[in-house]
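These notes concern the structure reproduced below.
FYI, it's all coordinate maths here, none of it is from the lab. On a predicted model such as this, the values are computed, not experimentally measured, just so you know. Here the Cβ positions follow ideal geometry from the backbone for every residue, glycine too, while neighbour counts run over all protein chains shown.
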Amino acid sequence: MKSCRTRNAWRPAWPGTIALGAWCLCLPAVRAEEVDEVTANKPVTPTLSAAENPLLAEVPRLAPVAAAEPAELEASIDRGIKFLLEDQNADGSWGSAHHTKALNIYAPVPGAHHAFRTAVTAMCISALIETGRTDAETIASLERGEQWLLDQLLRLRRATPDALYNIWGHAYAISALVKMYDRVPGNEVRREQIRGLIASQLDYLDRFESVDGGWGYYDFRTGSKKPGTDATSFQTATVLIAMHEARQIGVEPKQRTVDRGIAAILRQQKPDFSYLYGEYLKWVPMHPVNRPGGSLGRSQACNAALRFWKDQSVTDQVISVWLDRLFARNGWLSIGRKRPIPHESWFAVAGYFYYYGHYYGAMCIDLLPAEQRQEYRNHMSKLMLELQEKDGSWWDYPLYNYHQQYGTAFALMTLVRCRSEAKS
């Protein structure tokens, strides 16, 4: 749910964006049939192994911190759940187009808001399931949310030829549906319905994939049936992780689509495992947004996605290095938190990367050997506990009335992974 277009005018996300964007839009797109499937998964700049890469040798690292008390962790989770239960819409969904501000992101109605609401509702469902709470009130709320998703998901499409926020809805819906599939193991009718819905979402993701491979949320180049969008590294990573989850219950995405998504991320991977914001910035790889401080919220998701899909370059050392950077350089992400204008902060960081980056950071922690996880979990839980709002929510960017809901869902799923008994 990332954007930098306002309601009334184009506003550059950073100086020079308009000129660069206009130039990039003139570049010819590579047709899908011209992609070399043999070399597609190789980055433009060859990546050294972690042992050979001096860019991974000296990395800032925080001193260890004490683990959060289990009671404190669970109390925080309970306050987050309470916020979600009280904030749920009457129809079972979460989020709305209310709470507008003077600078609203580009969101053509009604499709953009259906996409936002679908993605946010799916995330809240995932969060409630992951917390493991089984009290009657939580289960009743969860069942209402699940029913809304089951009833409304097939309505999700791109809003307009240039706005593809539906990609977020398809990806997070798959993640939620996988958790829903496991939640009620004895109901085969429900499970078959869920498998069918996941297959439909995979079909839409194949349909709305960029002509160059990967996924992006805008298509200002062509507005074509097969989007001419420039893939963004982080949205492509989000989709690939959802596809990996679908595989765990036997619903297979098309391998060619997966391979092209991996190739899109690798084209944006730099030798230090920072990642370009999007392919349209490939000619300015040292722009602040593409440097480590600007990639803190993206590298976690991209590294996790590549690791899940067996990319050998994302070693345990790479995961650890970027977790160390996430915590030691957390200020670069945090200083953008709650700013109303996307990318106005240093390193062109937008507020909405904060809880997104930490959620996928928690996912990366689970990819490490068991003996390395606890120190990172301690740092992660400390951040999440300190940033919880008085009403029990978390939020990082004012996005209509979706921000507290997605922020709280991300934070809850992050805290769940900080439990001492968390599964890898």
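May I ask you to evaluate 6.51 cos²θ - 1.76 cosθ + 1.60, the Karplus curve with θ = phi - 60°, for each residue of the stretch 68-84 and list the ³J(HN,Hα) values in order in whole Hz, giving x for glycine and proline?
5, 5, x, 5, 5, 4, 5, 5, 5, 4, 4, 5, x, 4, 4, 4, 4
From the phi of every residue in the stretch 377-388, what ³J(HN,Hα) in whole Hz does the Karplus formula 6.51 cos²θ - 1.76 cosθ + 1.60 yield, where θ is phi - 60° and glycine or proline is x?
Computed from phi, the couplings for the stretch 377-388 are 4, 5, 5, 5, 5, 4, 4, 5, 5, 5, 9, 5 Hz.
Could you point to the residue in Y397, I335, A102 farthest towards the positive end of the chain's charge dipole, with +1 and -1 charges on the Cβ of Lys/Arg and Asp/Glu respectively?
Value computed over the given set: A102.
Fewest to most neighbouring Cβ within 10 Å: what's the order for V349, V59, V239?
By the 10 Å Cβ count, ascending, the order reads V59, V349, V239.
Enumerate the amide H contacts of D219 below 5 Å, restricted to partners 5 or more residues apart or on another chain; note that Pro and chain-start residues carry no placed amide H.
Close amide H contacts, sequence-distant or interchain: A163, L164.
Counting only residues 5 or more places away or on other chains, whose amide H sits under 5 Å from the amide H of G278 once H atoms are built in the peptide plane?
Correct list: S233.
Cross-link list K101/K225; K82/K179; K270/K310; K179/K310; K338/K390; K254/K310: which exceed 25 angstrom alpha carbon to alpha carbon?
K101/K225
Kirkwood hydrodynamic radius for the chain: how many Å is it when counted over pairs of different Cα atoms?
Taking every pair of different Cα atoms in the chain, averaging 1/r and inverting gives 21.5 Å.
Each residue of the stretch 254-263 in turn: what ³J(HN,Hα) in whole Hz from Karplus with 6.51, -1.76, 1.60 and θ = phi - 60°, glycine and Pro shown as x?
Once θ is set to phi - 60°, the couplings for the stretch 254-263 become 5, 4, 4, 5, 4, 4, 5, x, 4, 4 Hz.
Going by C-beta contacts inside 10 Å, put K101, K282 in order with the fewest on the left.
In order of increasing Cβ crowding within 10 Å: K101, K282.
Just grab the label-to-label distance for H98 and E69, each label 7 Å out from Cα along the Cβ direction, in nm (one decimal).
For H98 paired with E69, the spin-label model returns 3.7 nm.
Reported to two decimal places, what Rg/Rh ratio describes the stretch 290-417 when computed on Cα atoms with Rh from the Kirkwood expression?
Ratio of gyration radius to Kirkwood radius for the stretch 290-417: 0.96.
Using all C-alpha to C-alpha distances in the stretch 130-195, build P(r) with 10 Å bins and read off the rounded percent in each one.
Over the stretch 130-195, the share of Cα pairs per 10 Å bin runs 17, 47, 26, 8, 1 percent.
In which sequence would L73, L62 go, from the one with the fewest C-beta neighbours within 10 Å to the one with the most?
By the 10 Å Cβ count, ascending, the order reads L62, L73.
Would you pull out the residues with amide H under 5 Å of G95's amide H, same chain only if 5 or more places away, H placed 1.01 Å from N?
Amide H neighbours of G95, under 5 Å, 5+ apart: N89.
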